Amino acid sequence: MSTSTGSGRGTGKGRRTGTGLKDPSLRRSIALFRAFLHEQEDPEACYSLLARDAVDQVEAYDGPVNGRTVVDVGGGGGYFTEEFQRRGAHAYLFEPDVQELGEKPPQGAVVADGYLLPLADGVADVCFSSNVLEHVADPQTFISEMVRVTKPGGLIYVSFTNWLSPWGGHEWAPWHYFGAERARARYQRRTGKDAKHTLGENLFAVHIGTTLRQVRARDDVTVVSARSRYWPFLAETVAKAPGLREFATWNLLLILRRYP
């Protein structure tokens, strides 16, 4: 399928997805939230649903992925990569942490840093990153590398949990509102184990307003959509309200198009 923009691509609005859930909708948001609640005891169900939903979103904006080249940057255990592959894409996972890959990495997995992908310019029809941006110290460089490896006219999918979201502190949320160190200490007291994330080491305070200004200032991409990934209604509207969006968006989804 061609990567040039054309009438065959979806608008990304109100589309019935392969999960059977309309995006956005209250039913979809509840289904995802319930899956997140059981992430620890049933990660397979949680991340498989999230992967199906994410690929549905890509196809809503860019058409079927069958036969296309997809680069998944920082996709961890490979759930997203495998879902792209199930739909016929030539999908490849680039993950810097060997432990995150698990015992059975997906076919096409490569140990590589998202700051310096071992790829030539313009090789991907779709460059995809789910919930990685808040874990990198230099988001601008990370996005630049995603843009570099994307073909002219290709799609870039970036989502991240912003710091002031109720889930911004990850496993120690929402207590991050009272300070990261206090939240980490509370987590340790409550669970008896150290938190996985440490602010300034593997978790960073990424904000929606700053990210949008940086992306819109670029001359090599256009912003197709900036919306809440999980919000059940008015997903684009909530991301337009300065101040409020930092709390209410929950998770920002950026759909970018590489300029020809």
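So for segment 107-126 (the condition being open to solvent by 20 Å² or more (accessible area, probe 1.4 Å), touching a strand residue (DSSP E or B) at 6+ places or on another chain (Cβ under 8 Å) and assigned to a helix (DSSP H, G or I)), does at least one residue qualify?
There is no residue in segment 107-126 that is open to solvent by 20 Å² or more (accessible area, probe 1.4 Å), touching a strand residue (DSSP E or B) at 6+ places or on another chain (Cβ under 8 Å) and assigned to a helix (DSSP H, G or I).
Which is farther than 21 Å from ALA226 by Cβ and either at pLDDT 95 or above or open to solvent by less than 60 Å² (accessible area, probe 1.4 Å) (or both), of GLN85, GLN57?
When all the criteria are applied, what remains is GLN85.
Tally up the residues in segment 131-158 that are outside any helix (DSSP H, G or I), open to solvent by less than 10 Å² (accessible area, probe 1.4 Å) and either under 14 Å from ALA91 (Cα atoms) or touching a helix residue (DSSP H, G or I) at 6+ places or on another chain (Cβ under 8 Å) (or both), please.
Total meeting the criteria: 6.
Can you find, within segment 215-231, the residue that is surrounded by the most Cβ atoms within 10 Å (Cβ to Cβ) among those that are within 21 Å of ALA248 (Cβ to Cβ) and more than 15 Å from the chain's Cα centre (by Cα)?
Step by step, filter segment 215-231, then rank; the result is VAL215.
So, in segment 242-259, exactly how many residues are exposed (fewer than 14 other Cβ atoms within 10 Å of the Cβ) and either aliphatic (A, V, I, L, M) or at pLDDT below 95 (or both)?
Residues flagged as exposed (fewer than 14 other Cβ atoms within 10 Å of the Cβ) and either aliphatic (A, V, I, L, M) or at pLDDT below 95 (or both) within segment 242-259 amount to 2.
Looking only at residues in segment 28-54 that are surrounded by fewer than 12 Cβ atoms within 10 Å (Cβ to Cβ) and farther than 17 Å from SER130 by Cβ, which one is modelled with the lowest pLDDT?
Only one residue fits best here, namely GLN40.
The values are calculated or read from the model by the stated rules, or taken from the named source; none is laboratory data. If you're wondering where the values come from, they're calculated on a predicted model, not measured in any experiment. Here the Cβ is made from the backbone with ideal geometry for all residues, glycine too, and neighbour counts use every protein chain on show. Just so you know, the surface numbers come from the protein's heavy atoms only, side chains and all, with ligands and any DNA or RNA stripped out. Shrake-Rupley method; radii C 1.70, N 1.55, O 1.52, S 1.80 Å.
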